[in-house]
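See structure below.
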Amino acid sequence: MSQQRAELGRRGALAALVAAFALVAGAAQAANLAVTVIGPDGRPVPEAVVLVRPRSPVAPESIRFPWPMVVEQKDMQFRPYVLIAPVGAEVAFPNHDPYRHHVYSFSQAKVFELKLYGHDETRTVRFDRPGVVALGCNIHDDMSAFIRVVDTPFAAKTGADGQVLIRNLPPGPASLAVWHPRIRGGADLVREIAAPASGTLALTVAADVRPPPMRRGAY
């Protein structure tokens, strides 16, 4: 009996060692991508969406992001200005203003209308196709925002410094796309990249982004 226990103990230790080796090997076979997006004047571009699509596709239902699937109405603005959501996500639209809002989109990726609703009321919409969804308010013309619905887990948006880090990319060829709501022409900037087996690949992308429009309303 003691021999059997010793043998089971040795097998358990070996299995743990193999599992630990697999984790280390898996971590070594992934890379990070650091992207800096700059405008025509060389300044950083915030709120730019960076997408990476490796050659091996990922099932959309498995895509998760750490930020909330929420676009709130507060201080007569949509927040955030740009939301990245996976295909199939349900996005909440809470109204935190003392005024009623009427949220809509006529975008090809999703046409919907949330008719007038008031303070502390919430509506939800399911986004089932990838693409760009432009949001507006039928009552307040200066309110605008965008939802980028994506079919890849390797997606994030740039911060105030124009930088973003995409983590744990599988090695090999992939397609990099950069998009911004005010990019001239509206299309993604696409380039082919090769993710290394480990380490961080750093790239700078120049985007022809228009300056933000002046707000017309008094609010």
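The values are calculated or read from the model by the stated rules, or taken from the named source; none is laboratory data. No experiment lies behind these values; they were computed from the predicted model shown. Quick reminder, even Gly has a Cβ in these numbers, built from the backbone with ideal geometry, and neighbours come from all protein chains shown.
If the condition is being of a type in the set (A, V, I, L, M, F, W, C) and within 17 Å of A85 (Cα to Cα), then region 101-124 contributes A109, V111, F112.
Looking only at residues of region 107-130 that are within 21 Å of the chain's Cα centre (by Cα), part of a strand (DSSP E or B) and in contact (Cβ under 8 Å) with a residue 24 or more places away in the chain, we find that the one that is surrounded by the most Cβ atoms within 10 Å (Cβ to Cβ) is F127.
Just one of the listed residues (A194, A207, A174) is within 29 Å of E61 (Cβ to Cβ), among the aliphatic types (A, V, I, L, M) and either at pLDDT below 95 or buried (at least 17 other Cβ atoms within 10 Å of the Cβ) (or both), and it is A174. Counting only strands (runs of 3 or more DSSP E) that sit wholly inside region 134-219, those with at least 3 residues that are farther than 26 Å from V111 by Cβ are 163-169, 172-179, 189-195, 200-206.
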